[in-house]
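A short write-up of the structure that comes next.
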Amino acid sequence: MMQVNVTVSYQGKNYLTNVITNRNTSDEEIFRLAYEQVQKQYERKNL
């Protein structure tokens, strides 16, 4: 397992988030996980 810091652009703003994943996970999958994480946090914040 490793921790990856990812910057995601969402709703016109940049967010820095951490993804904990296996070493053999592709960059695309890591970005997808980070994007979903930011999206969920943003939706919870705006309820």
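Just so it is clear, none of the values below were taken in a lab; they were calculated from the coordinates. None of these values were measured; they are calculated from a predicted model. Heads up, the Cβs are rebuilt from the backbone with ideal geometry, glycines too, and the neighbour counts pull from every protein chain shown.
Just a few scattered comments:
- For the stretch 1-17, a tally of residues being within 11 Å of the chain's Cα centre (by Cα) and surrounded by 10 or more Cβ atoms within 10 Å (Cβ to Cβ) returns 9.
- Flag for Arg32 being assigned to a helix (DSSP H, G or I), free of Cβ contacts under 8 Å to residues at least 12 places away in the same chain and surrounded by 11 or more Cβ atoms within 10 Å (Cβ to Cβ): yes
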